[in-house]
Structures are given as C-alpha cells and as structure tokens.
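The values are calculated or read from the model by the stated rules, or taken from the named source; none is laboratory data. Since this is a predicted model, take the numbers as computed values, not measurements. All Cβ positions, even for glycine, are placed from backbone atoms using ideal geometry, and neighbour counts span all protein chains on display. These area figures cover heavy atoms from the full protein model, side chains too; ligands, DNA and RNA do not enter into them. Shrake-Rupley method; radii C 1.70, N 1.55, O 1.52, S 1.80 Å.
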2 protein chains.
Amino acid sequence: MIVSHMAKHDPGLSLLFHALADPTRRSILMGLAERPARVTDLSAPTGFSLPTVMRHLSVLEEAGLITTAKDGRVRTCAIVPGALAPVQTWLDEQRSLWEARLGRLDAFATKAMKKGSQ
Amino acid sequence: MIVSHMAKHDPGLSLLFHALADPTRRSILMGLAERPARVTDLSAPTGFSLPTVMRHLSVLEEAGLITTAKDGRVRTCAIVPGALAPVQTWLDEQRSLWEARLGRLDAFATKAMKKGSQ
DNA sequence: CTAACAGTTAGCCAATCAGCAAAGTTTTTC
DNA sequence: GAAAAACTTTGCTGATTGGCTAACTGTTAG
C-alpha cells in the first residue's frame, strides 16, 4: 500500500505558512536576516509594544524559523538557516504537479486540434 | 530616495501564505492539481460540509490560487498556474539574504580563527 | 410540474489572533 | 542597595477562523 504523496496534514508546514502570513513577522525575519538582534531592537522600528513583538517571536520560534537565547537580561534572536527548506520542498512538489497537469492539458488540446480540425 | 527592498507589507503575500497555512486548503489544492473539480467533488473526500468547503474555496480564490466558474448549477474549480510565483520570489529573496548573512559569519569566523590562533 | 441536485446564504459557536496596558521578574549599573 | 534596563506574565479587547446546521435559490431530470 503506497502512501508516498498522501502527505496527510503536515503540522510543520502549517506552522511555517502561518508564521509567514503576517507582515510584521516577515519584516522581523528580514531584519534578522541582516544580523541577530535583541527583542527591544526589533520592537523599536516596528512601533509595536514589547509584548506584541514577543508574541510574534514565539510564533516564529515555534515554527522553527528563529532561535532565541537569553544571556543575562538580554534575549538575542537569530534566524535558523535551513528553516525555509520544507516550504521550498512543498513549492517544488506543487510546481511539478501543476506542470504535469498543464502537460496533460497541452496533450489534450493538441489531440483536440488534430481531431476537430474544422 | 531608494526604497528598493523596503517592500513594506505586501498584502498579496499575506493572503497567499494565509491560504496555504491550512491543511484542508492545501489538500484541496493537491486535488485540483490533478484535475479541475466541482465543489461537491471536493467536499466528499474531505468529509467536510459543503459550506465549509465553499469557505476554503473562497479563501483560495481571493488569494488568486484558484479560479472558479459556474455553468448551470455546477461550479467548477481549477488551479491558477502562476499563482505561486510570488511565494517563490519571496523565498528566493530570503534565501539570498540569509546566505549573505552566513557568508559574513564565515568571514568573521575565519578572521577570528586567524587572529586568535592560540 | 415536481423532485432531486448543486450550490449558496444566514446565523451560530468555540478557538485563535493581534494588539494593548499594567504589573511582575531578573539582571546590571551606579 | 536603589534604580534603571530588558524582558515576561497577565489579562483585557475586538476581529477573524474554521467548523456546523438549517433554510434558501436556482437548474436539471423524470
């Protein structure tokens, strides 16, 4: 019984997409792409309150997109390099499926043109 | 005043990621990748009620991932081929940013090793 | 013309979200 | 050891989600 592409509901993928669906979180990621930062450093430019930013950070961390570590009273946040891989994989998978479908459409169209050539 | 990568908050991207964040919607997409389908055809295998599936479909449609058209009493849903492009673009952008950061890290590590070679 | 079919609308529910302010907590700094 | 800094927790809002049933609309088949 082959279940290869019966991927079920992948919770990790849902967490990733959900984390990326928020513009504030995406801009936090962009910021962290340049350099690691403290929570306050991320709060200041966005204009959002500290608790709000904290919440976004924990969503990002649960999705595996960032790591955070506390040293003294300072928490430093950094990107997790490979974290977007599952998204890329899913995307590749979809593109190949969609292209296969387009291929079949082409084949059909071609056959239809030959058969029904006025 | 250059604003090139100050992409602001891209609403389309948020819609796309949000649409993809739900496993039911992803499985609907997988189904439609094989062939277009009627609403009932999509409802049956998921086990969800018709209105629920309708809601998912409208989320997918607003994100631009699918198109739907009604012929008589039947609505047919199909994938929109290029719809994932913005996601791929954002992903590429991130990967290049992240890799640049890793590059700088490498440079730093190398310099540190030279300097502090015990 | 009536019945079955396919979809749609309306309205309800519990859960989650994204934001906040206010009140802790734990380091540092002076 | 008091005060400032940097979170962290708590608890509150209003909005959105994802699910449902029940009732409604339009289309086709008999």
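Multiplying the sequence separation of B:Asp41 and B:Leu91 by 0.36 nm and subtracting their Cα-Cα distance, what value in nm do you get?
Residue separation times 0.36 nm, minus the Cα-Cα distance, leaves 14.7 nm.
At q = 0.11 Å⁻¹, what base-10 log of I(q)/I(0) does the Debye formula yield for region A:11-115 when every alpha carbon is treated as an equal point scatterer in vacuo?
-0.46
Restricting to DSSP loop positions (anything but H, G, I, E, B) with no more than 14 other Cβ atoms inside 10 Å of their own Cβ, which trypsin sites (Lys or Arg not before Pro) remain in region A:1-89?
A:Lys8, A:Arg73
State, in square angstrom and to the nearest 100, the accessible area buried between chains A and B, both chains counted, probe radius 1.4 Å.
It comes to approximately 3000 Å² buried between A and B.
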